[in-house]
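Below: one structure, written as C-alpha cells.
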Amino acid sequence: MWKDLEISVCRCDSGQRREKPDQGNLGFGSYFTDHMFLMKWSRKDGWHDAEICPYQDFSMDPAAMVYHYGQAIFEGLKAYKGDDNQIYMFRPEDNLERMNGSALRMCMPRIPVETVLKAIKALVYLDRDWIPTGDGATLYLRPTMIAVEPALGVRPSEHYYFFVIMSPVGAYYAEGFNPTKIWVTDKYVRAVKGGVGHVKTAGNYAASIMAAEEAHRAGYTQVLWLDACEHKYVEEVGTSNIFFRIDDELITPPLGGSILGGITRDSVIQLAKSWGIAVTERQVAIDEVLSAIEDGSLKESFGSGTAAVIAPIGELCYQEKKYVVADGKTGELSQRLFEELQAIQNGKREDPFRWVVRIG
Ligand SMILES: *Cc1c(COP(=O)(O)O)cnc(C)c1O
C-alpha cells in the first residue's frame, strides 16, 4: 500500500499566506513557511492521507501517547539556494534512512523513504520563496513522527503522524566564524549504551537542558558530554559530534550505541580522508584531551552538525579549570572543512561524493 501512496496537494489561498519575516533577523526556528507535509499511519491501514497542506495546528486528544511517554522522533536538514539560484539539499536521503533507524529503536513504523523524499522536494519547491537568500541563511526542515493514539498504556501506539515543517533560519555565524567555549560536565550524562542516545528522539533533548542551563550560567555555550559509565570518555558536544586534531591525526569517538551518527560527522570523515588526513574513530579520554592541550599536541577541536556545519572550540572548562584550545582561534583544518563543506553545499565546488541534491 506504500507504493501507491499518493500525495495530495492543497495550497494556501491568499488569506492563509503567512507574513514573511525580516531577512536580517531570522534567528533559528522562529518562523515557519506557508505549507507542511503530513501523513498518517495506523496499524490497520499503514501510511495514508499523505498531503501537502497549509501550515496548521493539530487538534489532538490530551491522552495522545506522545504527550505522556514521549514516543517522538525527528530529523534536521537544510535546503538552500546556491549561487546559481538553484535549490539544493544536502544528503536528504541519509536523514530519512536515519529516521528509520530511530523508528526501529522506538517501535515506530518505518517511513517510505522514496515517497517522503518526493514530498519533501515538492514542499521545498512549493515554498521556495521562503528560502532565505542571505549568506549562510537556509531553510531548515524538521521531519517529525509522533504517537497520536489516545491511550495511557506503555506500549507502541497504533496511530502515528509524520509531518515536515520548514523554517527559514539565519546564518549560524552571523558575527563570523567564532570559537565556542565548552563546559565539560561530569555531573550529568546524555546517553548510555543500550539506551537511545544514538537516535534522534525527543527525550534526549529534554534530558540535556539542565546541563546546558548550568553551562550557560557559568558563561559557556555548550556542554561536552562524557560517557555515562566512567565519566571518562568524550562523547559529543551539545547536539553535535566532536573531533580532535592531535598532532596530524583527526580523532572522533566511535559510534557505539550512545553517540548520534551525524551526517556532518560522516561528511567530515570522508572529506578529511580524501585529503590524505589520517582519521581515527576511537575512544578519547578527557584526560588525554587535557594533556594534549597542555603539551601542545592538540592542534584544534571542533563540533560538527547540520546547524553550524563546523563549530570550532576555543576553550574547555573541566572541574573548574580552564583550558585554552588552539589559542582560542579557529584551527586551520576547522576552517578548511567549513569552507569546503559550505562550498560543496552551495554548488561552488565540485561534489565528488554526490551529496548534493537539486530540487525543481
Ligand atoms: C543531530 C545531532 C547531531 C548531528 O547530526 P547531523 O546529521 O550532522 O546534523 C549530533 N549529535 C546529536 C545528539 C544530534 O542530535
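Please treat every number below as a calculation from the coordinates, not as lab data. Keep in mind the model is a prediction, meaning the values are calculated, not measured. Cβ atoms come from the backbone with ideal geometry, glycine included; neighbour counts cover every protein chain shown.
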Relative contact order for the chain, counting Cα pairs under 8 Å that sit 6 or more residues apart, in percent: 18 percent
The chain: calculated mean residue ellipticity at 222 nm from DSSP helix runs of at least 4, using -39500 (n - 2.57): -7000 deg cm²/dmol
Cubic angstrom per residue, convex hull over Cα atoms of region 180-345: 103 Å³
Cβ-Cβ FRET estimate between Tyr69 and Cys10, R0 fixed at 41 Å, reported to 0.05: 0.80
Lys, Arg +1 and Asp, Glu -1 on Cβ, resulting dipole of region 157-271 about Cα centre, debye, nearest 20: 200 debye
Choice from Val124, Val154, Val189 with maximal GNM fluctuation in the chain (Cα, 10 Å cutoff): Val154
Gain upon complete extension [Asn100, Val192; 0.36 nm per residue less C-alpha separation]: 31.1 nm
Shape category assigned to region 177-255 from the gyration tensor of Cα positions, a/c cut at 1.5: oblate
Full-stretch length increase - Glu213, Glu281 - with 0.36 nm per residue and alpha-carbon distance subtracted: 21.5 nm
Kyte-Doolittle mean at least 0.0, axial Cα span of 15 Å or more - DSSP H helices of the chain: 113-126, 263-274
Point-charge dipole on Cβ atoms (K/R +1, D/E -1) for the chain, about Cα centre, debye to 20: 620 debye
Label-point separation, Asp351 to Gln56 (7 Å along Cα→Cβ), nm: 3.4 nm
Listed residue (Ala326, Tyr125, Val169) projecting farthest to the positive dipole end of the chain, Cβ model: Tyr125
Gain in span if fully extended, Ala171 to Glu339, counting 0.36 nm per residue against the direct Cα distance: 59.1 nm
Cα gyration tensor category, rounded, prolate or oblate, for region 2-169 with a/c compared to 1.5: prolate
Positive dipole terminus of region 2-169, leading residue within Val154, Ala72, Gln16 (C-beta point charges): Val154
Gaussian network model of the chain, springs between alpha carbon atoms under 10 Å - residue of Cys317, Cys107, Cys53 with greatest fluctuation: Cys107
Most mobile of Glu300, Glu19, Glu158 in a GNM of the chain (Cα contacts under 10 Å): Glu19
Inter-label distance, nm, simple model (7 Å from Cα along the C-beta direction), Glu294/Asp49: 6.2 nm
Over 21 Å (Cα to Cα) - which of Lys187/Lys232; Lys299/Lys322; Lys181/Lys329; Lys118/Lys348; Lys273/Lys329 fall in this group: Lys118/Lys348; Lys273/Lys329
Lys329 paired with Gln270, simple spin-label distance in nm, labels 7 Å along Cα-to-beta-carbon: 3.2 nm
